[in-house]
1. Could you check how many percent of all C-alpha pairs in the chain are farther apart than 43 Å?
2. May I have the extent of the alpha carbons of region 57-149 along their three principal axes, as whole Å values ordered from largest to smallest?
3. Over region 57-207, what relative contact order in percent results from Cα pairs under 8 Å that are six or more residues apart?
4. Averaging over all projection directions, find the projected area of the Cα convex hull of region 313-415 and quote it in nm² with one decimal place.
5. Sorted by average packing, counted as other Cβ atoms within 10 angstrom per residue and highest first, what order do 241-249, 272-280 take?
6. Quick check: the distance between the Cα centres of region 258-303 and region 181-254, to the nearest angstrom?
7. At a 1.4 Å probe radius, which order do Lys424, Lys419 fall into by accessible area, largest first?
8. Given a 1.4 Å probe and heavy atoms of the protein chains only, how would you sort Trp462, Trp300, largest accessible area at the top?
Amino acid sequence: MSSRFFARLFSTVSVEQLAEHGKANTLRRALRAHDLIAVGLGTMIGGGIFTTIGPGVQKAGPAIIIAFLLAGLASLFAALAYAELGAMVPVAGSAYTYAYATLGQVVAWIIGWDLILEYGVSAAPVAQQFSASVQEALHSFGIALPAWAQTAHLAMGSSSIDWSHTQIDLIGALFIIGLSALLAIGITETAISNNTFVVIKLGALAVFIFAGLSLFHVGNLTPFAPLGWGQIAFGASGNGIIPAAALVFFTYIGFDTATTTAEEARVPQRDIPIGVIGSLLIGTVIYCAVATVLVGIVPWQHVDVNAPLLAAIAPLHNAFVSWSITIGILAGTTTVALISLLGQTRIFYVMARDRMLPPFVAAVHPRFKTPARMTMITGIIVALLTLIVPLDALLELVNIGTFSAFIIVCAGVIWLRYKRPDLKRPFRSPFVPFFPLCGIGLSLFLSTVGLGRFTWLRFVVWLAVGLVIYFAYGFRKSRVT
């Protein structure tokens with residue numbers, strides 16, 4: 001009994017079987033390489049760069065630039081692993097699929113469960129950020145929503161919900177529903193919309209960089225690392241370059257989203273590596289440029305945590321620049337939420353196809369060629385969270401979920417290189433196993449040293465809930481090879 005139990009627990013799906021799944025898919029293949037780069041940038045260059053850079057500067061000072069490079073380096077090693085597996089196994093599902101092909105079913109479930117944090121749950125606070133930006137813009141015209149509709153706040157009484165003091169985020173919830181409807185209609189429409197918003201927000205960041213150069217003072221860059229590297233201990237968090245790198249790592253989440261759309265790429269063997277690596281490299285250059293200009297404009301101690309770019313550029317008193325950045329923030333949060341929801345529905349789609357979730361989750365609309373029903377169900381759930389629950393604290397969990405996915409993907413590349421050296425690899429990650437081991441080491445280092453103990457505790461609770469669901473349904477119903 002025990003041998004059969006563990007055999008099922010760590011059963012894998014062969015690369016050949018996964019390739020057949022990809023050939024038999026019913027999703028529309030409409031995405032080109034530049035679309036996949038935009039998908040990656042849609043999540044990377046978004047709400048994170050506008051919000052985490054302020055707290056990051058407070059943790060590291062001008063050395064925030066090094067923090068971005070350190071987080072980018074960890075992401076690069078993982079990106080090379082994603083590119084190899086994505087080109088070799090062009091199937092939707094990202095790290096979940098790669099784990100199922102290499103390390104076994106239970107590991108795949110754990111990663112799929114973690115990716116819910118990265119894609120689904122993280123869309124809710126991003127939507128709340130979008131709502132706050134819209135309301136701030138409306139205030140400049142003298143327009144304000146009723147107090148009960150401005151922000152999410154679930155008031156609790158002694159034994160039940162205090163509805164008289166509970167507030168909702170109406171704009172954020174409607175925003176999520178609208179994006180879910182767009183995703184349900186079709187991948188082509190989604191790609192066109194995402195590409196447009198990516199161009200807008202990249203334009204806004206370019207305006208900030210060039211306008212900010214007129215306010216740049218080299219003296220603001222010294223001392224460059226006033227808070228040092230930070231305390232090197234498990235769960236230390238605190239201030240320094242390493243804790244800042246763990247924090248701003250949130251901005252890098254997204255390049256891997258390109259792999260969740262593998263079954264919608266026209267030539268996945270070529271397009272996925274370009275999309276993954278291209279979006280990461282472009283995003284890293286933009287992050288470092290924005291960070292350099294920001295700490296050059298404002299002494300690091302005076303960087304506004306809540307609106308760092310707008311506050312830094314305010315001395316120019318230039319309405320065009322200010323409005324460009326505001327519009328960029330709106331476009332940025334739109335693409336983050338849009339692509340997060342896209343990634344989440346595709347993860348659900350593949351897990352259901354493997355019978356780890358109920359079959360209706362994988363149903364594809366005959367006209368739209370998308371998992372429209374599950375897309376709208378996901379949207380409604382996220383909209384409800386956006387409506388009443390403040391989820392800012394959950395963003396810390398997103399980083400741990402992604403770090404764990406990076407570790408699994410890097411390990412998967414090493415495993416398949418030695419287990420199946422005969423497999424055709426359209427893209428090969430260089431210096432295996434050294435580069436993947438570097439990705440594993442950096443991910444472990446940043447997650448254990450840079451994030452607090454309480455964040456780890458919440459993560460363990462999240463995993464425990466996921467395993468209960470797995471053994472209640474997925475373990476009994478899933479495919480066994």
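1. Every Cα pair in the chain considered, those over 43 Å come to 12 percent.
2. Dimensions of region 57-149 along the principal axes of its Cα atoms: 57, 36, 22 Å.
3. About 12 percent, as a whole number.
4. The Cα convex hull of region 313-415, projected and averaged over all directions, gives 11.1 nm².
5. Highest-to-lowest ranking by the protection proxy: 241-249, 272-280.
6. Using only Cα atoms, the two centres lie 9 Å from each other.
7. Lys424, Lys419
8. Largest to smallest exposure gives the sequence Trp462, Trp300.
The values are calculated or read from the model by the stated rules, or taken from the named source; none is laboratory data. These numbers were taken from a predicted model, which means no experiment stands behind them. Here Cβ is always computed from backbone atoms with ideal geometry, including for glycine, and neighbour counts include all displayed protein chains. Protein only, heavy atoms only, side chains kept; ligands, DNA and RNA dropped before computing areas. Shrake-Rupley method; radii C 1.70, N 1.55, O 1.52, S 1.80 Å.
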